[in-house]
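Only one structure is covered here, and it is reproduced in the block below.
The values are calculated or read from the model by the stated rules, or taken from the named source; none is laboratory data. All of these numbers come straight from a predicted model, not from anything done at the bench. Heads up, the Cβs are rebuilt from the backbone with ideal geometry, glycines too, and the neighbour counts pull from every protein chain shown. These area figures cover heavy atoms from the full protein model, side chains too; ligands, DNA and RNA do not enter into them. Shrake-Rupley method; radii C 1.70, N 1.55, O 1.52, S 1.80 Å.
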Amino acid sequence: MTAQPAERMLSSTLDLRADKITIRFGGLTAVDEVDFTIPHGSVVSLIGPNGAGKTTFFNILTGLYHPTSGRVHLGDRDVTGMPPHQVAHLGLARTFQNIRLFNLMTAEENVMVAMHSHMKSGIVGTVFKSPRQRREEKEGRERARELLAFVGIPKVADEYARNLSYGDQRRLEVARALALRPKILLLDEPTAGMNPQESARFVEFVYRVRDEMDLSVLLIEHDMSVVMKVSERVTVLDQGKKIAEGTPDDIKNDQRVVEAYLGKTGTEGYRSDK
Amino acid sequence: MAATTTPSPVTGPSVKDAAEHARRSNRKWALGLLIAVVVLFLLYWKILPAVGGDTASFFRKWLSVSAASEMVLWVIFALGLNIVVGYAGLLDLGYVAFWAIGGYVAGWFMSPFASEMMNDKSWANLKFNFLGHPPAIQGLDRGIHLNFWLVLPIAGLICAFFGVLIGAPTLRLKSDYLALVTLGFGEIIPQIFRNGERLGPGGNFNLSNGDKGITPVDTIPTWPFSYIPGVPDQLGLRAEDLPFKFLVYCLLAAAIVFLSLRIREGRLGRAWLAIREDELAASMMGVPLMRTKLAAYAVGAFAGGIGGVAFATFVNGIYASRFDFAISIILLAMVVLGGMGNVWGVTVGALVLAWINSTGLEQFGNTFNDAVGTNINFKNYQFLLFGLILVLMMLFRREGLIPETRTKQVLAEPERGELEAVGADLEGEQA
């Protein structure tokens, strides 16, 4: 996959814009003045060594943490300080590093939970099964089946999530996230536990999701081969600060990035070779 | 993504069958209980008075019509609590508050008490009757008298409102703390009623008549069924009314069963389940935690309000001293014993415990004492027995008597991920 031309990325509208995000926990600054954008229809990655603040930053975007300072805009809405369910409703869907499905619900029910905020039927309508409620449930069920088929697990709709294989659970998480009708899909270490072939197929899958669902994708990923293949732009965090941003090729050759990953001493030999 | 495109192996019967199975079992349970209700009703109404003798006295002892009625009333409350605890997974130790509020709504709107609510007697001449049925005794038509069937939804809604009011500040807490705060409210509200005789400026307002309680409560009108020969048009305290009252309470319990089953299947029920499973993930999937939990509180409290009104007609009054903490605990025991989240399990759990509570233990004690010649007061050991039952359940049958299919799964089988983590290969194997 080749990276998108830079002009397209610049000219397109932004799905997400985070300005100078800072969060402090007590005396510790976990994220420090990070600017971050996701252009519409792009695939961008967030990388960094362990403890760099990636997941914290993720959690700020999704409304789980409220930043000490800085604003998050989703499209043209300011979502800073909104509770997670509102941010999710406005189009930010995510998967989890450690799979977090509703284990004792079927795959179909899992997906339908994410439709909650788009459904309308209330208590009275549900108790008396009003025609509108029936229609809504039926449509929801059909949509859930479509999404399960889309991610490649059409046959497990009636299985409890806990009984699915690891790979199917990861797929189900994506299907569930897509049920939110997101503008942006956040994938938190989606290839964890996958072998190289599976990871390679994952790259294609990401592009298929992006194209068919018309959304942008933000990845947190450890597997550099995946990051370099899939991303149109990579942002590197280290110790809560953004230390580099650019195309995968830029990042590969960035001195500070190499230092962040290998440590300064590790790069001394590298430097003298030059 | 992962290469496994083979359909996941199924542990136990497939869920599709399970869903069909659940529907069928719902029908079976409903039919079975309906038959039991009809048989009992005919027994109390026609058969026992006709047969008399030993059979009648056996039933009077072991399952009198009022014991059966009381059991059904407990079912209503247990089902209400089940929505909060079993469906949404929120531990509520103060459910008795809604029972009390429901009862006092009956006291305000369907008894002469409203005319005594001002201690300076300024309301003494208050008379308001809307399709109500005050007891046909001189002077008891004072106060507010609404129709029983009208008071039910009013009490339900008032309780739902209080459910939200109590829930709003407390639901921000995590489970253990939530339990403690609900416990507090469960104590506070009955205390307010117990001491609510002289409120307001100058102690002029009498909210609850304090420890004296409120009595009598209006009768239950049976219109339009009163046109059927043999059906009394008012259900009060006469012996011939009691079988019909039993039927009315069964009808209310059936309504709550219906409500529970329907809500479970829809959008809200799914959201409750999701919150019970993983609160954080649910909120990230667009489920508003606060609103969804408040809805569980409101619906649960609604059932409590209905039950509270019905109970007031059952004992013909509202007595503050009845609403003690033990009731919340017994209700919780009913839910746990029956199988949290399963409507039928909770129904059975409530029936069993309520029966032990009202007659079973006492009669067993009498029989035992007669046979052995001892003089043990078994009723005193009621809580010992409940505690024992709970401990034994936790040891041998954690999922309850009739568990929810979902819960049974967790307790019976390890998670597939866990099995794979230790290298077990489940593919194609029936675990």
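What the table below lists for this structure:
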quantity: Charge dipole magnitude, Cβ of K and R +1, D and E -1 - chain B, Cα centre, debye nearest 20; calculated: 780
quantity: Among beta bridges that DSSP assigns inside chain A, antiparallel share in %, nearest 5; calculated: 55
quantity: For the protein assembly as shown, with +1 on Lys and Arg beta carbons and -1 on Asp and Glu, the positive-most of A:Val227, B:Met394, B:Val65 along the dipole; calculated: B:Val65
quantity: Mean separation of Cα contacts under 8 Å (6+ apart) over length of chain B, as relative contact order %; calculated: 26
quantity: About the Cα centre, charge dipole magnitude for chain A (Lys/Arg +1, Asp/Glu -1 at Cβ), debye; calculated: 760
quantity: Residue among A:Pro248, A:Pro154, A:Pro131 with the largest mean-square fluctuation in a Gaussian network model of chain A, springs linking Cα atoms under 10 Å; calculated: A:Pro131
quantity: Rg(Cα) / (2.2 N^0.38 Å) computed for chain B, rounded to two decimals; calculated: 1.09
quantity: Positive-pole candidate from A:His89, A:Thr126, A:Val113, dipole of chain A, charges at beta carbon; calculated: A:Thr126
quantity: Distance from the stretch B:214-277 to the stretch B:24-54 (C-alpha centre basis), Å; calculated: 17
quantity: Long pairs among A:Lys54/A:Lys242; A:Lys20/A:Lys241; A:Lys155/A:Lys183; A:Lys120/B:Lys293, criterion Cα-Cα beyond 20 Å; calculated: A:Lys155/A:Lys183
quantity: Relative contact order [Cα under 8 Å, 6+ residues apart], the stretch A:102-181, whole percent; calculated: 50
quantity: Interchain or long-range residues, amide H under 5 Å from A:Leu46's placed H; calculated: A:Leu219, A:Ile220, A:Glu221, A:Thr235
quantity: Contour minus Cα-Cα distance for A:Asp19 and A:Arg77 (0.36 nm per residue); calculated: 19.6 nm
quantity: Dipole moment magnitude, nearest 20 debye, the stretch A:102-181 about Cα centre, only Lys, Arg, Asp, Glu C-beta charged; calculated: 260
quantity: DSSP-defined beta bridges in the protein assembly as shown - what % are antiparallel, rounded to 5; calculated: 60
quantity: From phi via Karplus (6.51, -1.76, 1.60), per-residue ³J(HN,Hα) for the stretch B:108-113 in Hz, x at Gly/Pro; calculated: 7, 9, 9, 7, x, 4
quantity: In Hz, Karplus ³J(HN,Hα) per residue of the stretch B:215-230 (6.51, -1.76, 1.60; θ = phi - 60°; x = Gly, Pro); calculated: 7, x, 10, 4, 7, 9, x, 10, 3, x, 6, 5, 6, 6, x, x
quantity: 10 °C / 1.306 mPa s Stokes-Einstein diffusion coefficient of chain A, Kirkwood radius on C-alpha pairs, µm²/s; calculated: 80
quantity: Loop-exposed trypsin sites (Lys or Arg not before Pro) per DSSP, neighbour cap 16 Cβ within 10 angstrom, longest uninterrupted part of chain B; calculated: B:239-396
quantity: Protein heavy-atom accessible area occluded, B/A pair - total, 1.4 Å probe, Å²; calculated: 4900
quantity: Derived scalar couplings ³J(HN,Hα) [the stretch A:118-132; Karplus, 6.51 cos²θ - 1.76 cosθ + 1.60; whole Hz; x for Gly, Pro]; calculated: 9, 8, 10, 4, x, 4, 4, x, 6, 5, 9, 6, 4, x, 5
quantity: Amide hydrogen neighbours beyond the local backbone of A:Asp238, cut-off 5 Å, H modeled; calculated: A:Ile243
quantity: Shielded by partner chains, the stretch A:109-128 residues - at least 50 Å² of accessible area, 1.4 Å probe, vs chain alone; calculated: A:Val113, A:His116, A:Ile123, A:Thr126, A:Val127
quantity: From the C-alpha gyration tensor of the protein assembly as shown, square roots of 5λ in Å; calculated: 59, 29, 23
quantity: Portion, in percent, of the accessible area of the stretch B:207-275 that falls on carbon or sulfur, probe 1.4 Å; calculated: 70
quantity: Considering only the stretch B:26-426, percent of DSSP beta bridges that pair antiparallel, nearest 5; calculated: 65
quantity: Extreme residue, positive dipole direction of the protein assembly as shown, given options B:Phe185, B:Ile318, A:Ile184 (C-beta unit charges); calculated: B:Ile318
quantity: Neighbour cut-off at most 16 other Cβ (10 Å), DSSP loop, trypsin sites (Lys or Arg not before Pro), the stretch A:111-164; calculated: A:Lys120, A:Lys129
quantity: Surface per residue (accessible, 1.4 Å probe) for the protein assembly as shown, Å²; calculated: 44
quantity: Share of carbon and sulfur in the accessible heavy-atom surface of the stretch A:102-181 [1.4 Å probe, %]; calculated: 53
quantity: Spread of Cα-to-Cα distances over 10 Å intervals beginning at zero, given as percent, for the stretch B:56-189; calculated: 11, 30, 27, 23, 9, 0
quantity: Sites B:Asp324 and B:Glu265 - FRET efficiency at Förster radius 30 Å, r taken between beta-carbons, to 0.05; calculated: 0.25
quantity: Cα convex hull of the stretch A:102-181 - mean projected area over all directions, nm²; calculated: 5.0
quantity: Relative contact order for chain A, counting Cα pairs under 8 Å that sit 6 or more residues apart, in percent; calculated: 26
